[in-house]
1. Gain in length, residue 337 to residue 293, computed as 0.36 nm per residue apart minus the alpha-carbon separation, to one decimal in nm?
2. When the Kirkwood hydrodynamic radius is evaluated over all pairs of different C-alpha atoms of the chain, what value in angstrom, to one decimal, is obtained?
3. Quick check on packing: order 91-100, 275-284 by the mean number of other C-beta atoms within 10 Å, highest mean leading.
4. Which one, 265, 329, 228, has the greatest fluctuation when you compute a Gaussian network model over the chain with C-alpha springs under 10 angstrom?
5. Place a point 7 Å from Cα of residue 40 in the direction of its Cβ. Which residues in the stretch 321-359 have their backbone N less than 19 Å from it?
6. How big is the stretch 258-358 on each of its three principal axes, counting only the C-alpha atoms and giving the largest first in Å?
7. May I have the convex hull volume per residue, in Å³, for the Cα set of the stretch 10-145?
8. Sketch the reach of a paramagnetic label on residue 255 as a point 7 Å from Cα along Cα-to-Cβ, and name the residues of the stretch 1-33 whose backbone nitrogen lies under 19 Å away.
Amino acid sequence: MPAPTLDELRRYAVARSLFAPTTLTRAVARLGFVQADPLRAPARAQDLILRPRVEGYRAGDLDRRSTRSPIEEDFLINYGYLHRKTQALMHPREPRRPWDEARQERAREVLAFVRDRGVVHPREVDARFAHGKIKSWFGGTSNASTELLDGMHYVGLLRVARREGTTRLYAARERAHAPARDGGATFDALLDLVVRTYAPLPASTLMQLARFLCGGVPQWRAHRAAAVQRARARLASAEVEGAIWYWPADERVKASERDDVEERVWLLAPFDPVVWDRARFERFWGWSYRFEAYTPAKDRLRGHYALPLLWRDRVIGWANLAVTGGRLVPDVGFVGARPRSAAFRAALDDELHRMRAFLGLG
């Protein structure tokens, strides 16, 4: 087979990721991983990612439905949502730093308390044990109980049962006796999963994902280099415009004509798989997109929470969305000239209508 063109890779990337809407569980399983972010502008990243991929999805549905589905919160390449079967591959997991005997004892006491209560709010643990305050990574202080619960969740002693707003409520994780795992084979399986989430991807991103994956399975970080070599041999690949690209071996990059692309607008989350890889973004669309929510306002180029605007198979601009007086107020910008076609105007109106329904604005 001849190597695909960059245009074909771009259309393949969009088509495979923005699949036909399905159920929540199937969408998460097909995506493999849904990155989370607490900011709401106008909704959280995980909701914005699921919106085009889940039939009839509304903001907050993930929290409302996750207690009835095999979807878990955990750290993979960063923090987010994944299928319980994927989570099982990562545990038992080493802590981020070694636990001394005092911390192990506190964890045993808290675990017994959680098992007795069923589901606990961090303030209940803090009230019961009064662990005090600790220095946080950004220089302030936080509750030691909250930090301990986070650490217990990370190593798999606890799971997130549900949320109250942005606060995680915890339950004990029922841990069956885990069979001895082949660390190399497990790293391979997880690397394949994240490749499926973000494919097609250049070689540099394959390396980046393997590094990030060490945060999800630190106990198998020694397998990273060999796993990357095996992935390079296992995945489909081609050299396109000076870069080696990889994608799942059971998928084919089909040659397609421009007219085959659906005339539709999507406003995507900053962490959506279509736009997550910023190096790929620049190769595909010829401009630089940055997430600027944590950038000082005076230094922002495109706004606090600019959503990439996908028209057909091109990201041609962005939109910042605000809700004022129960109305959606869009501020749309473009890299070049705004498309003047009636088809684009209708598609953008349709997308804003979908966004209003997603946010419950009527």
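1. Gain on extension, residue 337 to residue 293, equals 13.3 nm.
2. Roughly 22.2 Å, rounded to one decimal.
3. 275-284, 91-100
4. Residue with maximal mean-square fluctuation among 265, 329, 228: 329.
5. The answer is 321-330, 355-359.
6. Result for the stretch 258-358: principal-axis Cα extents of 41, 39, 25 Å.
7. 169
8. 1-13
Each value in this text was obtained by applying a stated rule to the coordinates, not by laboratory testing. These numbers come from a predicted model, not from an experiment. Reconstructed Cβ throughout: ideal geometry from the backbone, glycine too, with neighbour counts over all protein chains shown.
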